[in-house]
1. When you check Ala43 against the structure, is it within 11 Å of the ligand (Cβ to nearest atom), under 23 Å from Arg150 (Cα atoms), of a type in the set (Gly, Ala, Ser) and in contact with a Ser or Thr (Cβ under 8 Å, 6 or more places away or on another chain), yes or no?
2. Please name all residue pairs, on different chains or six or more residues apart, with Cβ atoms under 7 Å, provided the first residue is in the range 323-339 and is among the aromatic types (Phe, Trp, Tyr) and the second residue is modelled with pLDDT of 80 or more and not in a loop (DSSP other than H, G, I, E, B).
3. Please go through the range 320-355 and give me each residue that is under 14 Å from Ala222 (Cβ atoms) and touching a Leu at 6+ places or on another chain (Cβ under 7 Å), ordered by number.
4. If the requirement is being within 16 Å of the ligand (Cβ to nearest atom), touching a strand residue (DSSP E or B) at 6+ places or on another chain (Cβ under 6 Å) and of a type in the set (Phe, Trp, Tyr), which of these qualifies: Phe8, Phe55?
5. Checking Tyr21 against (1) surrounded by 16 or more Cβ atoms within 10 Å (Cβ to Cβ); (2) among the hydroxyl-bearing types (Ser, Thr, Tyr); (3) away from the ligand (no atom under 11 Å from the Cβ), only one condition comes out false. Which one?
6. Here are some residues: Arg261, Arg239. Which one is at pLDDT 90 or above, in the same structural domain as Thr334 (by TED's automatic domain parsing), surrounded by fewer than 17 Cβ atoms within 10 Å (Cβ to Cβ) and closer than 30 Å to Gly108 by Cα?
7. Taking interchain pairs and intrachain pairs at least six residues apart, which have beta carbon atoms under 9 angstrom, with the first residue in the range 1-22 and closer than 16 Å to Leu64 by Cβ and in contact (Cβ under 8 Å) with a residue 60 or more places away in the chain and the second small (Gly, Ala, Ser) and away from the ligand (no atom under 13 Å from the Cβ)?
Amino acid sequence: MRFTEFNFSPLLLEGIEASNYETATPIQEQVIPPIMEGRDIIASAQTGTGKTAAFLLPVMNHLLSHHVDGQVGALIIVPTRELAIQIAQHIEGLSYFTHLSSIAIYGGSDAQNFVAEKKALQMGADIIVCTPGRMIAHLNMGYVNMKQLRFLILDEADRMLDMGFQDDINRIIKALPEKRQNLLFSATMPAKIRQLARNLLHNPVEVNIAISKPPEKIVQKAFVVHEPQKMPLLQKLLRETPYKNALVFCSRKQTVKEVRRELKRAGFNIEEIHSDLEQAQRESVLGAFASGRIPLLVATDILSRGIDIDTIDLVINYDVPGDGEDYVHRIGRTARAEAEGAAYTLVGDKEQNKFHQIEQLLEKTVEKGEIPDELGPAPAYNPRTRHHHGGNRDNRGGKPKKKFYGKRPGGSR
Ligand code: AMP
């Protein structure tokens with residue numbers, strides 16, 4: 001379906017054209033028409049599907065003809081600053097030829113930003129993108145006026161609940177008018193998202209794009225190693241795999257720092273990104289990475305969702321991510337849009353069971369890569385599989401499944 005068929009304002013079509021979008025992606029095709037009809041939406045769609053434009057375009061199109069001075073038209077709540085910044089950039093691109101105003105409101109930035117945010121909130125903005133905590137800070141000051149709000153959008157709702165933002169979201173919703181259109185996007189649909197949807201949405205149109213499986217075009221491989229073999233193998237993979245932008249993921253920031261130090265010592269042009277960095281530092285590192293000045297980045301899971309740099313063609317998991325969803329989100333950073341990509345996972349001795357669980361979730365056996373002879377003998381892949389014992393435990397020695405983002409208690413190294 002071509003964008004010209006949606007009946008969008010010509011000014012918006014110009015922005016779409018300037019962004020080089022020609023045909024709508026499946027999620028766009030499915031959600032744009034019902035949003036334009038005024039329906040609530042619950043959509044499961046991962047990043048990379050075009051979901052951001054899927055909600056931005058119909059919202060912008062509406063606000064173009066229903067702009068109210070001094071008011072907020074749409075509020076987009078997202079889990080992380082990075083995603084807020086990215087969506088703000090998306091808005092800027094698509095609304096370039098329009099008069100729509102927008103602002104991103106997120107934590108971690110300095111007092112000067114707070115003043116600018118406050119001003120925007122007092123003067124009104126067509127679209128606000130915010131992280132929950134920062135929005136609460138402004139709400140507490142009493143000057144936020146969202147009485148005319150037309151759209152509430154929750155993006156990556158599952159991640160927001162995982163990060164404990166449920167109460168903040170409820171508080172923000174209390175400040176909104178009852179009559180509004182609600183759009184809920186989530187990569188996964190666990191029970192708590194269903195519950196949130198029941199409380200929030202009115203007779204929603206349900207759209208399911210999420211495969212919650214990585215795109216087929218990503219070449220996935222796992223390398224089963226002893227822990228001390230990880231660093232030499234990582235270096236070898238980075239030397240022998242051609243890439244434009246490569247992203248190395250570690251679950252703990254301590255590991256991120258160690259890996260960066262080792263790779264730097266080995267002569268790689270590399271930067272790191274994790275929650276210890278100031279906001280400005282994070283932005284500058286991401287900018288250098290996106291522009292190709294720094295081709296290699298090592299990061300915690302802070303980056304595993306939402307970040308949209310379409311030249312990433314290699315992702316290496318230095319350790320096995322917490323669960324299948326984290327795995328999908330990490331490796332989903334590569335092979336964006338039309339690009340090809342590879343995703344390699346280093347599986348240490350203690351991580352075999354965890355990796356096997358991921359394979360079960362994905363319903364796929366990931367190809368195991370050869371370990372070069374020079375690294376010495378590698379272990380066999382021999383995870384403990386699930387056994388059924390006539391109603392007894394069915395997961396021998398399996399730890400309870402827990403979700404962590406970037407902060408893993410205990411050590412992987
Ligand atoms: P998202 O899933 O929203 O993170 O979008 C993934 C990438 O696809 C972004 O770089 C978008 O700019 C791009 N994109 C979104 N919609 C389209 C489209 N219809 N045609 C081409 N690229 C698109």
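1. Working: within 11 Å of the ligand (Cβ to nearest atom): no; under 23 Å from Arg150 (Cα atoms): yes; of a type in the set (Gly, Ala, Ser): yes; in contact with a Ser or Thr (Cβ under 8 Å, 6 or more places away or on another chain): yes.
The answer is no for Ala43.
2. Matching pairs, first to second residue: Tyr327/Ile358.
3. So the first thing to find is which residues in the range 320-355 are under 14 Å from Ala222 (Cβ atoms), and the list is 320-321, 324, 327, 330-331, 342-349, 351-355.
Matches in the range 320-355: Gly324, Ala342, Tyr344, Leu346.
4. Numbers: Phe8 fails: touching a strand residue (DSSP E or B) at 6+ places or on another chain (Cβ under 6 Å).
Criteria check complete, one pass: Phe55.
5. All conditions are met except number (3).
6. Working: Arg239 fails: closer than 30 Å to Gly108 by Cα.
After applying the criteria, what remains is Arg261.
7. Sorted first by the residue in the range 1-22, then by its partner, the pairs are Ser9/Ser65; Leu11/Ser95; Leu12/Ser95; Gly15/Ser95.
Every residue, every condition in (1) touching a helix residue (DSSP H, G or I) at 6+ places or on another chain (Cβ under 6 Å); (2) assigned by TED's automatic domain parsing to the domain that holds Gly38; (3) surrounded by fewer than 21 Cβ atoms within 10 Å (Cβ to Cβ); (4) of a type in the set (D, E, K, R), yes or no:
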| site | (1), (2), (3), (4) |
| --- | --- |
| Glu82 | no, yes, no, yes |
| Tyr96 | yes, yes, yes, no |
| Ile105 | yes, yes, no, no |
| Glu117 | no, yes, no, yes |
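The values are calculated or read from the model by the stated rules, or taken from the named source; none is laboratory data. The shown structure was predicted, so the numbers you read here are calculated from the model rather than taken from an experiment. All Cβ positions, glycine included, derive from the backbone under ideal geometry; neighbour counts span all protein chains shown.
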